[in-house]
Amino acid sequence: MTASAFLQDLTVVLTTAAAVIFLFRKLGQPPVLGYLAAGLLIGPYTPLRMFVSDVLSLEALAQIGVIFLLFALGIEFNLDRLSKIGIRALICALIEAAMLVPLGYLVGRWLGWRPMESLLLGGIVALASTALVARTLLERSRSPSGWEALASGTLIAEDMIAVLLVAFFSSAPASDGLSLAGLWPSMVRLTVLVTFVLIIGLLAFPRLFAALERFGVAEIRTLMIIGICFGISLITEKLGFSAALGAFLAGATVATGGSAGRLDQVVTPFKDLFGAVFFVSVGMLIDPAWVLSHWQITCALGLAVIAARAYANFIAFLAVGETKSSSAQAALARLPIGEFSFILAQVGQAQGVSDKPVYPLAVTLCLFTTTASSFLFPRSLKPGGLAWIFPGFNGAWLSRYQRRVKDLALPERQALVWRLIRPSLLQILINGLIITGLFFAAPAVERRYAWSLDIPGASWLAAAMLSLPFLLALFRKTHAVMLVILEAAISQPGRDPVGLNPFWARLALGFSMLVVGAWYLSLSADLLPGWPHAALPVSLLAIAVLLLWRYMNRLYSRIQVALRDGLARKHVEPEAATKALLHFVSALTPESVHINSIVLEPGCWAQGRSIREIELRSKSGASILQISRGGEMLPAPGPELRLHEGDKLLLIGEDEQIEKARAVLFTGGL
């Protein structure tokens, strides 16, 4: 197609989407429905189809939209957030998936679909729309009832299930049967992919973004972030998975290296533009004639999905101890399916899993569930308004069950233990995943380079050498967790378990070595040649460990510090409002605190130095809220940012502190 025709199509899509979204905002309806309506309006099945000449080009842009949507979700969904969702939210998500995926599968089989197609339908109906439900939760934040935090955590856990489903169908064979043996190579490739993305994200990205921060050029940061997104997406697709999965992994790992707030500023414009094209292109696939010709099965399936999702969510929230009214409200708020269902349908069709109309079916179900939620949820907030929807959940048995669930809550001492070991458990998981990925990758490297023909066990030796720092970390973290658990189990508060009884400390050490060693041997044994050929690589490894033990310890320390810093990194930079509040609280007379701006003139002392080097806060007491540079706003700048000539600094402090800050910036405080 010509450039003029492409420009016309893009203009029609964006202007129509903007107009329809404006109308839907006025009507108080979700934007996603507006995008779908815009796509239906200009789609190939309506009289306005002549305005769009090439749908295939728009579908290519829609693919980019999927990448940015998943990349933005990955930025919000990082490892630290995963570790804090809570066991109740995870249980809710698992209960819902365990009920809805099999139900969708049975419906698909009843319709005569193949097993993989039926499983795809189960995944589509099981996933709530993060965008639609989050909008409802945001509106509820003004008058919360207590279930909103649990619903938000369930969304996070459900997003992880959605990513696993995308990974599964990205590599699923387009066959009539389900074969775990056929999926094993894909699972190995996925483990290797996640391993190396984790290594790069946790060890390289923090240094990379720190260097970009010191350089202080926003364009380079933007290009690097988008390049990383597309690069990991491309590698993922080359390995046989969906590019959307790679985009999610890229976002989750990039978030460990930089501020999610600034990353979101970079990604949001691209996500809004290409995401709009994606949702509009989904709406363009709706065939009203198909829906009308199959209206019986469409309506029956829509009503069945509404009922199934409502009851699955209701039972899941009841199961973790929520009251009947809270569970009903949460169930109706979480009715809509949305973007992940569309992406799953797209992945399934692209991989050849299904040739059924799963795309228009997913869109139709989204319309059904969203309409039902918008109608039923406000009525559920009224006392007894929708008690008839969930009959049979009254009586003494429910009260007894809820009391027993509350009794299962961890006492303060055990809760403290859990908070202490939770970061270590996450690091154990990551180190174990990295070791697994290294040994899974070794056979592929061996087949490519045929090392074992010259040196028996060379691939095992290479994987073992690379995994040693992570194995050391895995052992030490496991030992530390065992000691904490033993202290909570057998010691009195405030006493050292070693001082109490050295036997328990030695038992923890031995048990840790036994568990980690048995797992490591079972993982790596297949790569070892038979005896006596195994003696050579094992001897070489033992010699390397003896010679490089100190280096391994230093490397272990560096890797674990980088890993800890990556997991502890907050989602946003310290907000300016927080700094301002600290100044107002600490000031003897809050009315003396002011905000003033200072422009760095040529030749001033602070020019070319980082905020950390200047030590403005310690020398003057004032803080930098924001920096204006060349028309760009840098709120709450990080300590590694270097100041340039012409920077306009927004400072907060008392009058005397502001004057001291001025002296520090211009003369170094001399």
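The values are calculated or read from the model by the stated rules, or taken from the named source; none is laboratory data. Just so we're clear, the structure is a prediction, and the values are computed from it rather than from any experiment. All Cβ positions, glycine included, derive from the backbone under ideal geometry; neighbour counts span all protein chains shown. Calculation scope for accessible area: heavy atoms of the full protein, side chains included, ligands and nucleic acids excluded. Shrake-Rupley method; radii C 1.70, N 1.55, O 1.52, S 1.80 Å.
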_Members of the stretch 271-284 that are open to solvent by 10 Å² or more (accessible area, probe 1.4 Å) and either over 19 Å from Leu7 (Cα atoms) or within 18 Å of the chain's Cα centre (by Cα) (or both)_ = Lys271
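Results for (1) among the hydroxyl-bearing types (Ser, Thr, Tyr); (2) part of a helix (DSSP H, G or I); (3) in contact with a His (Cβ under 9 Å, 6 or more places away or on another chain), shown as yes or no for each residue.
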position: Gly283; (1), (2), (3): no, yes, no
position: Ile286; (1), (2), (3): no, no, no
position: Ala289; (1), (2), (3): no, yes, no
position: Gln296; (1), (2), (3): no, yes, no
position: Ala300; (1), (2), (3): no, yes, no
position: Arg309; (1), (2), (3): no, yes, no
position: Phe317; (1), (2), (3): no, yes, no
position: Ser326; (1), (2), (3): yes, yes, no
position: Ala330; (1), (2), (3): no, yes, no
*Mind listing whichever residues of the stretch 233-248 are open to solvent by 30 Å² or more (accessible area, probe 1.4 Å) and either within 22 Å of Glu339 (Cβ to Cβ) or modelled with pLDDT of 75 or more (or both)?*
Leu234, Ile235, Glu237, Lys238
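Looking at the structure I just gave you, is Leu548 farther than 30 Å from Lys477 by Cβ, out of contact with any Pro (no Cβ under 7 Å at 6 or more places or on another chain) and either among the hydrophobic types (A, V, I, L, M, F, W, C) or at pLDDT 60 or above (or both)? Please lay out each step first, then the result.
Values: farther than 30 Å from Lys477 by Cβ: no; out of contact with any Pro (no Cβ under 7 Å at 6 or more places or on another chain): yes; either among the hydrophobic types (A, V, I, L, M, F, W, C) or at pLDDT 60 or above (or both): yes.
No; evaluated as a whole, the condition is false for this residue.
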*Scanning for something buried (at least 19 other Cβ atoms within 10 Å of the Cβ), of a type in the set (A, V, I, L, M, F, W, C), under 31 Å from the mean Cα position of the chain (by Cα) and modelled with pLDDT of 75 or more, does the stretch 496-515 turn up at least one residue?*
no
_Single unsatisfied condition, Val585 versus (1) within 26 Å of Lys477 (Cβ to Cβ); (2) modelled with pLDDT under 65; (3) open to solvent by 50 Å² or more (accessible area, probe 1.4 Å)_ = (1)
*asked:* Being under 25 Å from the mean Cα position of the chain (by Cα), surrounded by fewer than 23 Cβ atoms within 10 Å (Cβ to Cβ) and touching a residue at least 60 places away in the same chain (Cβ under 8 Å): is that true of Tyr311 here?
replied: no
_Residues located in the stretch 250-263, provided they are at pLDDT below 80, touching a helix residue (DSSP H, G or I) at 6+ places or on another chain (Cβ under 6 Å) and not β-branched (Val, Ile, Thr)_ = Ala252, Ala255, Gly257, Gly258, Ala260, Leu263
*Of all residues in the stretch 520-535, count the ones that are in a helix (DSSP H, G or I) and either open to solvent by 90 Å² or more (accessible area, probe 1.4 Å) or of a type in the set (Gly, Ala, Ser) (or both).*
6
